[in-house]
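Enquirer: Below are the structure tokens for one structure; questions will follow.
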Amino acid sequence: MMTALRYGYRALCWGAAWCLCLGGGAFAQDAPPMPEGDQCVACHLDLEELPEDFQTYDVHLKQGLSCVGCHGGDATTDDMDEAKAPGTGFVGVPARTDTPRLCGACHSNPSFMHDFQPRIHTDQVEQYFISVHGQKLKEGDLKVAECTSCHTAHAILPAADARSTVYPLNVPATCKTCHGDAAYMADYGIRTSQFDAFAESVHGKALLEEHDVGAPACNDCHGNHGALPPGVASLNQVCGTCHVNNAQYFAESAMAEPFEDIELHACIECHGAHDVRKTFDAMTGVGEGSVCLDCHDEGEDAYEAAQEIYAHLAGLVAAYDSAAAQQREVVRVGMDDMDIAYLLKDAHQSLIQARTLVHTFDPEKVGARTDEGVAKAREALALSLAQIKEFGTRRIGFGLATLFITLLAIGLYLKIREIDKR
């Protein structure tokens, strides 16, 4: 490591020849100057044998860590035998099994990493070796992902950089490289349709189409360096990281224990896993689109509860939609809708809360919240109708006033003509 650090500082100066070799001016702003006296770079440039994935914006290169930092050797000599001689620390291309420890030589050293990113975690290697990937690598499986599989080897960027392979918008495609390849994954008995399912899900559309980086990607559910498939016990907690109230209501419901007893994955039984779809109220009923009917039949208490819960939601939606339609009419005719808007906002909030309370599977709790929303919606509807009636009254008054003024103007006109004749 000391050898690497001794020579790494020399990677501070790159020249125009480096930019021309890798594509010219497109890299000029990102490319540091050519490392003066670094014979590794000079020789590989002459031979046109730079790594295929090499990019001048690599975060290590920008920090002055050149080839010898990872590959070892003596960068001060242009003699290949001397550069790779014993005692220079030359390792060449690291074996896949050695890569995590090689990266960990720096990234697991808190004192060293503090100078670059004080808040960065330094337990990535330990996390990796408890992951499915790390465990299989220990067993000698050379197909599993290691550090360079996700971060690349010579084009590494911080996760916050949109060009990075681990930027939130790019994570699904990075995982798809292996997990979307049916031939590559054939030995593991794992599905390879996850990316396609995710892309069509409510999470995938938010992330990939709307570019909402707050939407979950693969690593938000499976983990990063310590990636593991969520189990029955942990899945509720995984989903609950974002959907806090939903998870809490379910955990306290009468359904939680039976689900755990028969090893049903709480959330995905109703919502799916990678293909999570946008929810709708009919999912809770007993009609088309109901997920309750997947387990419950007519005559069961749960069947009746599902029917009642849906009725509560549908009633509030109908009341809200009716009031909202009248509010739009109030706005159209130019009347005051401020109080109506506040009431509708409260009614809509009750609807959101009631939909969350569905996870209690308790019709009384859902009904109590929808009743509050219905009351607000009806009050908003009454105000809207009153405003519309007031508008009608004002129109009549305006019409009468206009008629009176018109008759007065006509009378005045006739009087003036009479005076003119005299």
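Enquirer: When all protein chains stay in place, what accessible area (Å², nearest 10, 1.4 Å probe) is found for Phe90?
Expert: The accessible area comes out at roughly 80 Å².
Enquirer: Expected output is a single nm value to one decimal: the length gained when fully extending between Ala95 and Ile352, i.e. 0.36 nm times separation in residues minus the C-alpha distance. What is it?
Expert: 87.2 nm
Enquirer: A further question follows. How long is the gain from Glu329 to Glu260 if the chain were fully straight, where each residue apart is worth 0.36 nm and the alpha carbon distance is subtracted?
Expert: Stretched out fully, the Glu329 to Glu260 stretch lengthens by 19.8 nm.
Enquirer: Same structure, new question: What percent does the relative contact order of segment 268-316 come to when contacts are Cα pairs within less than 8 Å and at least six residues apart?
Expert: 30 percent
Enquirer: Working only with C-alpha atoms, what are the Rg and Dmax values of the chain, expressed in angstrom?
Expert: Cα only, the chain: 34.2, 130 Å (Rg, Dmax).
Enquirer: Another question, if that's okay. Relative contact order for segment 198-345: what is it in percent, counting Cα pairs under 8 Å that are at least 6 residues apart?
Expert: 16 percent
Enquirer: Here's a follow-up. Rounded to whole Hz and in sequence order, give me ³J(HN,Hα) for segment 414-422 from the Karplus expression 6.51 cos²θ - 1.76 cosθ + 1.60, θ = phi - 60°, writing x for Gly and Pro.
Expert: Those phi angles translate into 5, 5, 5, 4, 5, 5, 4, 5, 5 Hz.
Enquirer: While we're looking at this one, here's another question. Can you tally the net charge around Glu210? Count Lys and Arg as +1, Asp and Glu as -1, for every other residue whose Cβ sits under 15 Å from the Cβ of Glu210.
Expert: -1
Enquirer: Run the paramagnetic zone check for Ile190: 7 angstrom along Cα to Cβ, then residues of segment 113-127 with backbone nitrogen under 18 Å.
Expert: What the label zone holds, given the 18 Å backbone N cut-off, is 127.
Enquirer: Sequence neighbours fewer than 8 away in the same chain don't count; with that in mind, list the aspartates and glutamates whose C-alpha is under 18 Å from Lys62.
Expert: List returned: Asp30, Glu36, Asp38, Asp53, Asp115, Asp161.
Enquirer: Using 0.36 nm per residue, how much length does the chain from Asp79 to Ala160 gain when fully extended, once their Cα-Cα distance is taken away?
Expert: This chain segment gains 25.2 nm when fully extended.
Enquirer: With the contact rule set at Cα under 8 Å and sequence spacing of 6 or more, what percent relative contact order holds for the chain?
Expert: Averaging sequence separation for qualifying contacts and normalising by length gives 9 percent for the chain.
Enquirer: Further question: Mind running the shape call on segment 181-234? Use the C-alpha gyration tensor, a ≥ b ≥ c as the square roots of the eigenvalues: rounded below 1.5 for a/c, prolate if a/b tops b/c, oblate otherwise.
Expert: Cα axes put segment 181-234 in the oblate bin.
Enquirer: Using DSSP to call loops (not H, G, I, E or B), can you name the GluC sites (Glu not before Pro) in segment 285-324 whose Cβ has at most 11 other Cβ atoms within 10 angstrom?
Expert: Glu288, Glu298
Enquirer: Please turn the phi angles of segment 344-361 into ³J(HN,Hα) values with the Karplus equation 6.51 cos²θ - 1.76 cosθ + 1.60 (θ = phi - 60°), one per residue in order, whole Hz, x for glycine and proline.
Expert: Per-residue couplings from phi come out as 5, 4, 5, 5, 5, 5, 5, 5, 4, 5, 5, 5, 6, 5, 4, 6, 7, 6 Hz.
Enquirer: Report the FRET efficiency, 1/(1 + (r/R0)^6), for Thr177 and Glu269, where r is their Cβ-Cβ distance and R0 is 30 Å, rounded to 0.05.
Expert: 0.50
Enquirer: I want the local charge near Pro363. Using Cβ-Cβ distances under 10 Å, sum +1 for each Lys or Arg and -1 for each Asp or Glu among the other residues.
Expert: Net charge in that neighbourhood comes out at -3.
Enquirer: Restricting attention to segment 183-291, which trypsin sites (Lys or Arg not before Pro) occupy a DSSP loop and are surrounded by at most 16 other Cβ atoms within 10 Å?
Expert: On the way: sites: Arg191, Lys205, Arg277, Lys278; in loops: Arg191, Arg277, Lys278.
In loop regions of segment 183-291 (DSSP not H, G, I, E or B), the sparsely surrounded trypsin sites (Lys or Arg not before Pro) are Arg191, Arg277, Lys278.
Enquirer: Tell me which aspartates and glutamates have Cα within less than 17 Å of Lys389's Cα, excluding those fewer than 8 residues away on the same chain?
Expert: Once the sequence-local aspartates and glutamates are set aside, what remains near Lys389 is Glu329, Asp336, Asp337, Asp339, Glu379.
The values are calculated or read from the model by the stated rules, or taken from the named source; none is laboratory data. Everything numeric here is computed off the predicted structure, so don't read it as measured data. FYI the Cβ positions are ideal-geometry reconstructions off the backbone, even for glycines, and counts take in every protein chain you see. All accessible areas refer to the heavy atoms of the entire protein, side chains included, with ligands and DNA or RNA removed. Shrake-Rupley method; radii C 1.70, N 1.55, O 1.52, S 1.80 Å.
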